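Since the structure comes first, as structure tokens, the remarks are kept for the end.
The values are calculated or read from the model by the stated rules, or taken from the named source; none is laboratory data. Being a predicted model, the structure only gives us computed values, none of them experimental. Every residue, glycine among them, receives a Cβ derived from its backbone with ideal geometry; neighbour counts consider all protein chains shown.
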Amino acid sequence: MIQARGRAIPVSAVVTLLIGVVLGFLVARFGGYLVRYPVETALVAVLIGSVLVLGWACREMLRDLVPFRRRAAGPEPEPPAAPRLSLARTPDGVRR
């Protein structure tokens, strides 16, 4: 039996590569504006980052509120003990 000798590339590495390519293109295309307006550029970058973090947090909260269950033939899985974003502690005192 012949085994494949390639290594699997994680999705995060591919996403990081794509983001780097897009950022490189944007800097090459609009670099003059970045140099001309550095404060405004930093504020826009912070705004974009804030919107991304807010979107992620909303997605996690909705995932905790409305659990998605696929119809499976087997027994139903147990529901999580506490929401993942809460300050709830496990019995051994470790936060999740």
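Miscellaneous remarks
- Flag for Phe25 being of a type in the set (Phe, Trp, Tyr), out of contact with any Phe, Trp or Tyr (no Cβ under 7 Å at 6 or more places or on another chain), farther than 30 Å from Glu78 by Cβ and modelled with pLDDT of 90 or more: yes
- Pro67 being in a loop (DSSP other than H, G, I, E, B), touching a helix residue (DSSP H, G or I) at 6+ places or on another chain (Cβ under 6 Å) and either surrounded by fewer than 10 Cβ atoms within 10 Å (Cβ to Cβ) or modelled with pLDDT under 85 (or both): no
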